[in-house]
1. Within the bounds of segment 334-349, is there any residue that is touching a Gly at 6+ places or on another chain (Cβ under 7 Å) and buried (at least 24 other Cβ atoms within 10 Å of the Cβ)?
2. Name the single residue that is surrounded by the fewest Cβ atoms within 10 Å (Cβ to Cβ) among those in segment 120-141 being closer than 14 Å to residue 99 by Cα and out of contact with any Ser or Thr (no Cβ under 6 Å at 6 or more places or on another chain).
3. Please give the helices (runs of 4 or more DSSP H) falling wholly within segment 318-408 in which 2 or more residues are on the phi < 0 side of the Ramachandran plot and among the aliphatic types (A, V, I, L, M).
4. Can you tell me how many residues within segment 101-112 are in contact with a helix residue (DSSP H, G or I) (Cβ under 6 Å, 6 or more places away or on another chain) and on the phi < 0 side of the Ramachandran plot?
5. In the list 365, 347, which residue meets the criterion of being free of Cβ contacts under 8 Å to residues at least 60 places away in the same chain, assigned by TED's automatic domain parsing to the domain that holds residue 57 and more than 18 Å from residue 450 (Cα to Cα)?
6. Just give me the residues in segment 177-223 being more than 27 Å from residue 263 (Cβ to Cβ) and among the polar types (S, T, N, Q), in sequence order.
7. So which residues in segment 206-250 are in contact with a strand residue (DSSP E or B) (Cβ under 7 Å, 6 or more places away or on another chain) and among the aromatic types (Phe, Trp, Tyr)?
8. Residues 164, 109, 173, 152: which one is more than 25 Å from residue 355 (Cα to Cα) and buried (at least 19 other Cβ atoms within 10 Å of the Cβ)?
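The values are calculated or read from the model by the stated rules, or taken from the named source; none is laboratory data. Quick caveat: nothing in here was measured; it's all calculated off a predicted structure. Here the Cβ is made from the backbone with ideal geometry for all residues, glycine too, and neighbour counts use every protein chain on show.
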Amino acid sequence: MIRREVRSFSREVDKMSRVSRRNFIAGTVGTVLTASVDAQSQSRRSERPNILFILADDMGWGDLSCYGRPDYQTPNLDKLASQAMRFTNAYSAAPVCTPTRVGFHTGRYPARLPVGLEEPIHERSAIGEKVKTTGIPRSHPTVSSLIKSAGYDTALVGKWHLGYWPDFGPLHYGFDEFFGNMSGAVDHFTHKDMTRNLDLYEGEVPVERIGYMTDLLTDRAITYLKRKHEKPFYLSLHYTAPHWPWEGPKDKAFSESITYSPAGFRAGGSLKVYAEMMKNLDAGVGRVLDALKSSGLDRNTLVIFTSDNGGEKFSYHWPFSGQKMELREGGIRVPAVVRWPGVTRAGAVSDQPVITMDWTATMIGAANGKADPNYPLDGENMTSILAGQDTVKDRTFFWRTKRQGAVRSGKWKYLREGKIESLFDLSVDEREQASFNNSDGAVLERLRGEFNKWDAEMSRYPAGSGIDEALVKDANED
C-alpha cells in the first residue's frame, strides 16, 4: 500500500516537473521572441528612414472617406490610415496656400516672414517688381536644406508657391531636384497659370508635357522612388488637387473652354467633378505607395499625408463651420495620417493637437538633422506621440490673417474678427456657434493677451494690403 502511494506520488512529481519544464521553455521562448520584436522595432526606429511627405491642395477636413466623406470612397488613403496613425486634431499653419507652405518649409509661424503675409502670392506677371523680393530669404534654413545637410537626397515634385525663378525657386532651398509649378493654380491639362503663362518646370526650365497634372506628378514621384538611391531620400510630393480649376481627369473639354482669369478658374464645378478629382488623387497616392512597396522601401519610409488648408465649396467640413481663407475650424482643421514602420501602430487614432510645423520638426528629427539655433522651430517633434509613448497634451496654436486672428489653447478657441471677439469651447461646440464670452471672461482675457503678445512678435502687414484696420488697432491698444 505504501509502495503504491510512493509510486503514484513519484509519477505526479514527474508529471509536474515535465509541465514546469514546458512552461519554462514556452515562457523563455516567448520572452526571447518579444525581446527580438522589440529589438527589431528599436533598430528600425534608430535607422534613419526615407521620408515621403504628401501634401494635398485645398482638401477639406472630411474629404477622405475615413474622415467621413459620404458620397465617394478613397480606398487607398483609407488603407494608409488603417496602417498608420490618424489625427483628429490636425491643423494647417494658415487657411490659405502660401502662408502654410512658408510654415512647413521653415518650421516656423508664417507671419515671422514678410512672404508669410502674402495670402497668397499672385501670378508672376501680376506682381511686377515684387517678383524680385517675394520669397523666403535664401539665407533662411528650410526643412529641405536641413535634411539635405543631414546626408539625404532631396526632391520636390509638385506645387511650390513660394516665389519665382530666378531668385526664389526651390533649388535654392536644399532641393536637389524639382518638377512642378511655381504659382498657386494651373489648369490641370494645359499647366498654364491664370494669366495663360506656362507654369510647369523641370528644375529652372519651363517644359511642356501632355497629361492631367495629378497623373504627371504621380508618375514623376514613382520614377523617383524606383531610382536607385545611395543615400536615404526625402521626397516632397505636393499635389495641385483638389484645388480649382474644377477639372476631373475626363474634363479636357472644359479645360479647352476655360477663361484664363481668377473668375474663370473658379467657375463651374460640381460635387461629381470634385469626387472625380479626389478619386484620381486617391488613386495616384495608391500608385505611389505601391511603388514604394515594390521597391522594397516601405518598411523604412516615414510617410506623412496632410492638406495645406481647409477646402472650398465642394468640400465636406462637417461638423465644422468655415472654409478656406477663414480661421474657423473648417478653414484650418485638416486630415493628417502618419505611417512610420517600427514607430506607429496600425489603426491608431490620436486626438493630439498638431500643426503643420510639427511635421517639419518631426521630419528633421527623423533624419537626425539639427535646427539652426538662430531660427528656432515653432513646431514640435511628434515622434513620442507617434510611438505611443506620450499621452495627449494641451497645446497653444496661433493664426493670423488680414481679417482675423485666432488662438487654440486646450479646449478653448479664441477668434477675433475685426472688433468682434468670440470664445468657443471646442470640446462641446466644434461648430463654433455658442460663444462663452460672458461665462468665461477670464479665459477670454487670457487668450486675448496671449494673442496680442504673439502678434507683436510677428511681421507687420504693409499699409494698403487690405488688413482689417480694426484688428490692428485692437491689437495695438491691448
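1. yes
2. Restricting to residues being closer than 14 Å to residue 99 by Cα and out of contact with any Ser or Thr (no Cβ under 6 Å at 6 or more places or on another chain), the top hit is 122.
3. 356-366, 383-386
4. Within segment 101-112, the subset in contact with a helix residue (DSSP H, G or I) (Cβ under 6 Å, 6 or more places away or on another chain) is 102-105, 107, 110.
Adding the requirement that they be on the phi < 0 side of the Ramachandran plot leaves 102-105, 110.
Residues flagged as in contact with a helix residue (DSSP H, G or I) (Cβ under 6 Å, 6 or more places away or on another chain) and on the phi < 0 side of the Ramachandran plot within segment 101-112 amount to 5.
5. 365
6. 218, 223
7. 224, 233, 234, 239
8. On the way: 109 fails: more than 25 Å from residue 355 (Cα to Cα); 173 fails: more than 25 Å from residue 355 (Cα to Cα); 152 fails: more than 25 Å from residue 355 (Cα to Cα).
None of the other options fit; the residue is 164.
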